[in-house]
1. What's the local net charge at P66, with K and R +1, D and E -1, over the other residues with C-beta under 13 Å away?
2. Label-point separation (nm) for A62 and V16, each offset 7 Å from Cα along Cα-to-Cβ?
3. Compute log10 of I(q)/I(0) for the range 22-87 with the Debye formula, placing one identical point scatterer on every Cα and leaving out solvent, at q = 0.15, 0.22 Å⁻¹, to two decimals.
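Any read-out appearing in this document is the output of simple, stated calculations on the displayed coordinates, not a laboratory observation. From a predicted model like this one, the values you see are computed outputs, not experimental measurements. Glycine gets a Cβ as well: all are built from the backbone with ideal geometry, and neighbour counts include every protein chain shown.
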Amino acid sequence: MSDKPVAPAGAQQVQVQIEIDPATANGVFVNFAMVNHTDSEFTLDLLYLHPEAPKATVRARAILTPRHMKRLLLAMQENLGRYEALFGVVDATPSPHFPRPPGVN
């Protein structure tokens, strides 16, 4: 998630090899996300919502600890900042093509 992993004092750095199968490597298009949480975990659902249909399909779900959720949020903010520095500010105004589900602000 970050370019510079930080290890606790005295801890050894571990090299991690990452494998990805071809289907996962292709990825899926998502245009909607929902986040829910309990006291011990966050659930991040990535969905595809067709602009003309009020039904969304969950394409991926990630369940994270609060600590990992914070790290993910920081990594995403950092990367969005880099993107905007290169390509300009991303317009995040709501789209009229997508209905807002109940309880989502």
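1. Cβ neighbours under 13 Å give a net charge of +1.
2. Modelled inter-label distance: 1.1 nm.
3. Debye output, listed in q order: -0.65, -1.07.
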